[in-house]
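Following: one structure in structure tokens, then a few remarks.
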Number of protein chains: 2
Amino acid sequence: IEIYKHLKEERIARTWGTTAPGLPYVEETITKAGNWLIGGDLEVIEPIKYHDGLDRFRLSPVELRQEFEKRNADAVFAFQLRNPVHNGHALLMTDTRRRLLEMGYKNPILLLHPLGGYTKADDVPLSWRMKQHEKVLEDGVLDPETTVVSIFPSPMHYAGPTEVQWHAKARINAGANFYIVGRDPAGMGHPIEKRDLYDADHGKKVLSMAPGLERLNILPFRVAAYDKTQSKMAFFDPSRAQDFLFISGTKMRALAKNKENPPDGFMCPGGWKVLVKYYDSLTPSDNGRIHEAVPA
Amino acid sequence: IEIYKHLKEERIARTWGTTAPGLPYVEETITKAGNWLIGGDLEVIEPIKYHDGLDRFRLSPVELRQEFEKRNADAVFAFQLRNPVHNGHALLMTDTRRRLLEMGYKNPILLLHPLGGYTKADDVPLSWRMKQHEKVLEDGVLDPETTVVSIFPSPMHYAGPTEVQWHAKARINAGANFYIVGRDPAGMGHPIEKRDLYDADHGKKVLSMAPGLERLNILPFRVAAYDKTQSKMAFFDPSRAQDFLFISGTKMRALAKNKENPPDGFMCPGGWKVLVKYYDSLTPSDNGRIHEAVPA
């Protein structure tokens with residue numbers, strides 16, 4: 001057992017690259033924590049159960065490896081997410097599978113690995129996201145035969161290039177050998193300035209250089225957006241930028257809250273209904289204000 | 001050539017582990033710098049000359065390697081410093097040589113590598129430090145036969161565990177295979193709180209784990225202090241703490257400024273005279289106030 005000082009300022013500065021007030025995980029966890037930390041080797045005596053109806057999705061790294069073996073995977077590609085799956089995400093995942101088949105793999109398996117710990121107040125809670133993911137598989141947007149859905153039991157730090165290394169490394173441990181990384185992974189807006197906290201390319205860049213990640217193949221992706229000419233999500237083509245619509249998380253949430261529909265082809269209807277239902281479930285007093293953050 | 005945004009806040013937070021105002025290198029260089037940076041491969045067309053009488057000490061990594069070869073070194077141990085050499089430093093260096101001989105090396109050579117770039121206002125300027133180092137060799141505190149004195153042309157960041165990696169890595173490139181690291185390397189007080197900015201052991205710890213430094217042997221050292229019973233600098237023995245006197249940089253500077261002598265055996269007399277002369281050379285208007293920082 002190791003006991004050491006909790007150097008909060010240094011931890012925050014080195015993890016987030018800022019000490020500005022308003023970082024969600026800092027306010028949720030670090031500020032409230034004590035001034036000493038305990039470390040050392042952990043021994044898991046029995047698996048932790050949450051009894052929230054989702055424990056069957058909480059596969060340990062060993063269980064995930066067994067599942068991939070059972071399915072005879074010759075490649076495993078992981079997709080980290082903390083949001084409902086829209087067809088832009090699905091495009092990244094199905095296109096990755098296509099690329100892996102082209103590379104000669106016979107049976108690439110997708111690890112759809114939604115984050116299951118703390119998320120900030122305006123993110124959709126895990127239980128609703130899991131319902132939404134279920135619909136996405138039911139509606140055939142993703143193929144259940146080649147997809148393993150499991151919960152990644154980590155709190156969200158929103159720490160961009162620092163956190164993406166943990167996200168990737170943890171998936172190596174669970175048997176993944178390909179990791180999909182998009183624009184600004186684990187990023188958010190600067191807490192007090194009107195700009196993104198991180199350079200959108202730094203996550204990708206850090207992954208390509210980080211020690212310990214040599215065994216992981218990083219699959220960077222162009223950004224997907226809604227192509228109005230095709231009425232579907234497609235890889236953004238800057239040469240005809242005017243044909244594309246970027247539907248941000250904020251925009252998506254506003255539509256679902258107001259029970260409006262997004263453009264056809266943005267998300268499968270079953271999945272969208274889950275979101276509308278979630279926002280509908282918030283008690284009237286919750287309307288108009290930010291919902292509580294979900295504890296880890 | 002690569003041109004990229006100068007993300008000052010993120011750079012400062014990740015380098016220093018704080019964004020508090022008052023970090024010397026930040027105020028000297030980063031705050032004043034522009035919002036874009038240029039990177040890429042450098043080609044040195046001819047060696048840079050400073051014409052300050054010290055250029056003969058500015059050996060490039062290649063020249064240093066040649067010098068070690070000329071001296072038939074079978075081990076090179078590097079000592080980074082930005083302060084006058086007192087007998088505590090000398091003890092670390094001579095004891096390292098003793099340990100290396102014990103380990104079986106026949107001809108360990110010391111690279112005494114004072115930092116020659118920007119230092120903060122209350123550090124002793126390079127030209128005076130070089131005079132002081134010369135006296136230390138003349139007075140036989142260090143053996144000129146087994147010591148190479150050269151200037152490390154880097155600005156001082158005072159960035160503790162981050163900077164010590166650069167300090168060590170740069171010396172590997174210059175041919176060193178042993179690196180002496182003491183308490184709180186490259187550390188300083190927190191700019192706005194009454195405590196040290198870094199944990200005194202983190203520099204050592206980071207060096208032992210940093211990727212790219214596997215080839216370097218880190219030689220951690222106990223702290224040296226003035227042993228009143230022996231009237232000399234010795235490794236601090238906590239079991240008889242009352243026998244020891246810690247003479248801080250601040251204390252040393254105060255003594256030299258007031259033309260007082262430190263306890264016998266703290267520094268060789270020739271070296272001490274240089275310091276007294278330096279403080280004497282400051283114009284009267286400088287007395288009592290902090291001297292200007294030395295530009296890189």
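Only the coordinates and a few stated rules stand behind these numbers; no lab work does. From a predicted model like this one, the values you see are computed outputs, not experimental measurements. Backbone-built Cβ (ideal geometry, glycine too); neighbour counts: all protein chains shown.
Inter-chain neighbour count for B:12-22: the average number of beta-carbon atoms from partner chains within 10 Å of each residue's beta-carbon is 5. Considering only B:Ile45, B:Ile30, B:Ile247, the mean-square fluctuation computed in a Gaussian network model of chain B, springs between alpha carbons under 10 angstrom, is largest for B:Ile45.
For segment A:1-107, trypsin sites (Lys or Arg not before Pro) are listed when DSSP marks them as loop and at most 15 other Cβ atoms sit within 10 Å of their Cβ; the list is A:Lys32, A:Lys49, A:Arg71, A:Lys106. The value for segment A:142-296 of Rg(Cα) / (2.2 N^0.38 Å) is 1.19. Only alpha carbons enter this Debye calculation for the protein assembly as shown, each as an equal point scatterer, and the log10 of I(q)/I(0) it gives at q = 0.07 Å⁻¹ is -0.58. Largest GNM mean-square fluctuation among B:Pro153, B:Pro47, B:Pro220, using chain B with Cα springs under 10 Å: B:Pro47.
Expressed as a whole percent, the proportion of Cα-Cα pairs in segment B:151-196 lying more than 17 Å apart is 39%. Among the GluC sites (Glu not before Pro) in segment A:96-201, those located in a DSSP loop and surrounded by at most 15 other Cβ atoms within 10 Å of their own Cβ are A:Glu193.
With helices as the sole contributors, chain A gives -9500 deg cm²/dmol at 222 nm; each DSSP H run of n ≥ 4 counts as -39500 (n - 2.57), and the sum is divided by every residue.
Projected label points at A:Leu101 and B:Gln230, each 7 Å from Cα along the beta carbon direction, are separated by 7.6 nanometres.
Label B:Val62 and A:Trp128 with points 7 Å out from Cα along Cα→Cβ: what is the distance between them in nm? About 6.5 nm separates the two model spin labels. Looking at chain A, the DSSP beta bridges with both ends there are about 40 percent antiparallel. Between B:Asp196 and B:Asn217, the FRET efficiency estimated from the beta carbon spacing at R0 = 30 angstrom works out to 0.70. Shielding value for B:203-210 is 0, the average number of Cβ atoms from other chains within 10 Å of each residue's Cβ.
For the pair A:Asp143 and A:Lys273, what calculated FRET efficiency results from E = 1/(1 + (r/R0)^6), where r is the Cβ-Cβ distance and R0 = 30 Å, to the nearest 0.05? That pair, A:Lys273 with A:Asp143, gives E of 0.90. With viscosity 1.567 mPa s and temperature 4 °C, the Kirkwood radius over alpha carbon pairs of chain A converts through Stokes-Einstein to a diffusion coefficient of 63 µm²/s. Translational diffusion of segment B:1-98, estimated by Stokes-Einstein from the Kirkwood radius over alpha carbon pairs at 20 °C in a medium of 1.002 mPa s, is 119 µm² per second.
Specify the inter-centroid distance of segment B:158-176 and segment A:61-135, based on alpha-carbon positions, in whole Å. Between the Cα centre of segment B:158-176 and that of segment A:61-135, the gap is 41 Å. With both residues required to sit in the protein assembly as shown, DSSP beta bridges show an antiparallel share near 40%. The Rg/Rh ratio of segment B:173-218, with Rg taken over Cα atoms and Rh as the Kirkwood radius over Cα pairs, comes to 1.08.
Here the Karplus curve 6.51 cos²θ - 1.76 cosθ + 1.60, taken at θ = phi - 60°, turns the phi angles of segment A:41-53 into couplings of 6, 9, 10, 8, 7, 9, x, 6, 10, 9, 6, 10, x Hz, with x standing for Gly and Pro. Placing pseudo-labels 7 Å out from each Cα toward the beta carbon at A:Ile48 and B:Asn173 gives an inter-label distance of 4.3 nm.
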